[in-house]
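For reference, the structure is listed below as structure tokens.
The values are calculated or read from the model by the stated rules, or taken from the named source; none is laboratory data. Just so it is clear, the model here is predicted, and its values are computed rather than measured. Cβ sites come from the backbone with ideal geometry, for glycine too, and all protein chains shown count toward neighbours.
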Amino acid sequence: MARWEPDSRGRLEQAALALYSERGFENTTVAEIAERAGLTERTFFRHYADKREVLFGGGTELQDRMVTAVDEAPASATPMEAAGAGLRAAADLLQQRRAFARQRARIIAASAELRERELIKLASLASAFADALGRRGVAGPAASLTGEVAIAVFRSAFERWVDEADDRDFPEIMRESLDELAAVTAR
């Protein structure tokens, strides 16, 4: 092993993304990721529970940011306006990691296992939105429906944002997507 260098987690992430892109997620082992990063498998497992977590490890922070924004939305906000606050908070957070998000999206698209995991993560986010809206007094069915709609808006905006042809910032695309939803539902 090479002598100690800082940012083990970042190096593991970069190594994993490179290997997943080169060889595919299924054909990459934790040992190969650690070796590419110049670290040990033990170090890998200090940072990640498994090789999927390189791609999904930030989910808790994202969910916390979204839920906090819903919780802190003005009391006068409609359920969708409160959910929109959560979506804008997510866009602000993710904007800082566009290159990672683009590479991650390509890797996930190439793997049925990862696409399934992504859908589970999105369902969990919709549930977290519904729970936050429930704390605001929104009834169960309406809270669930709003959470699902919020995730549909998130997915639509995210797909446009990671598209190589669209160089606009995620917060801008998210605002546009929320405006499109408002226009569609106002008719």
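Quick check: is even one residue across the stretch 19-31 free of Cβ contacts under 8 Å to residues at least 60 places away in the same chain, polar (S, T, N, Q), crowded, with 19+ Cβ neighbours inside 10 Å and not assigned by TED's automatic domain parsing to the domain that holds SER111?
As a first pass, look at the stretch 19-31 and keep what is free of Cβ contacts under 8 Å to residues at least 60 places away in the same chain: 19, 22-23, 27-31.
Remaining after also requiring polar (S, T, N, Q): 27-29.
If we keep only those that are crowded, with 19+ Cβ neighbours inside 10 Å too, we end up with 28.
When the remaining residues are screened for being not assigned by TED's automatic domain parsing to the domain that holds SER111, the result is 28.
There is at least one residue in the stretch 19-31 that is free of Cβ contacts under 8 Å to residues at least 60 places away in the same chain, polar (S, T, N, Q), crowded, with 19+ Cβ neighbours inside 10 Å and not assigned by TED's automatic domain parsing to the domain that holds SER111.
So LYS51 clears everything in (1) surrounded by fewer than 19 Cβ atoms within 10 Å (Cβ to Cβ); (2) modelled with pLDDT of 95 or more; (3) part of a loop (DSSP other than H, G, I, E, B) except one condition, right? Which one?
(1)
What pairs can you find where one residue is in the stretch 176-187 and closer than 15 Å to GLU81 by Cβ, the other is at pLDDT 95 or above and among the β-branched types (Val, Ile, Thr), and their Cβ atoms are less than 7 Å apart, with a gap of 6+ or different chains?
Partner pairs satisfying both residue conditions: SER177/VAL153; LEU178/VAL153; LEU181/VAL153.
Does ARG9 satisfy the condition of being among the charged types (D, E, K, R), surrounded by 15 or more Cβ atoms within 10 Å (Cβ to Cβ) and closer than 30 Å to GLY137 by Cα? Please lay out each step first, then the result.
Details: among the charged types (D, E, K, R): yes; surrounded by 15 or more Cβ atoms within 10 Å (Cβ to Cβ): yes; closer than 30 Å to GLY137 by Cα: no.
Judged against the criteria, ARG9 is not a match.
If I filter the stretch 70-88 for residues that are without any contact (Cβ under 8 Å) to a residue 40 or more places away in the chain, part of a loop (DSSP other than H, G, I, E, B) and under 13 Å from the mean Cα position of the chain (by Cα), do I get at least one hit?
no
Just the residues that are over 12 Å from the mean Cα position of the chain (by Cα) and closer than 21 Å to LEU94 by Cα, please, taken from the stretch 127-156. Don't jump to the end; show me each part of the working.
First pass over the stretch 127-156, keeping only residues over 12 Å from the mean Cα position of the chain (by Cα): 127-150, 152-153, 156.
Hits for the stretch 127-156 are SER127, ALA128, PHE129, ALA132, GLY147, GLU148, VAL149, ALA150, ALA152, VAL153, SER156.
Check whether at least one residue in the stretch 78-100 is over 21 Å from SER177 (Cβ atoms) and modelled with pLDDT of 95 or more, and report yes or no.
The answer is no; no qualifying residue exists.
Quick check on the stretch 13-32. Is at least one of its residues among the hydroxyl-bearing types (Ser, Thr, Tyr), assigned to a helix (DSSP H, G or I) and closer than 24 Å to PHE170 by Cβ?
yes
Scan the stretch 119-170 for residues that are in contact with an Asp or Glu (Cβ under 7 Å, 6 or more places away or on another chain), crowded, with 19+ Cβ neighbours inside 10 Å and not small (Gly, Ala, Ser) and report the count.
Result for the stretch 119-170: 0.
State whether one or more residues within the stretch 71-94 are surrounded by 14 or more Cβ atoms within 10 Å (Cβ to Cβ), polar (S, T, N, Q) and either in contact with a Lys or Arg (Cβ under 8 Å, 6 or more places away or on another chain) or not assigned by TED's automatic domain parsing to the domain that holds LEU17 (or both).
No: zero hits.
So, in the stretch 99-126, of the ones that are touching a Phe, Trp or Tyr at 6+ places or on another chain (Cβ under 7 Å) and of a type in the set (Lys, Arg), which residue ends up nearest to GLU26 (Cα to Cα)?
This residue is ARG117.
Looking at the stretch 54-64, which of the residues that are loosely packed, with under 14 Cβ neighbours inside 10 Å and without any contact (Cβ under 8 Å) to a residue 24 or more places away in the chain is farthest from PRO6 (Cα to Cα)?
The qualifying residue farthest from PRO6 (Cα to Cα) is ASP64.
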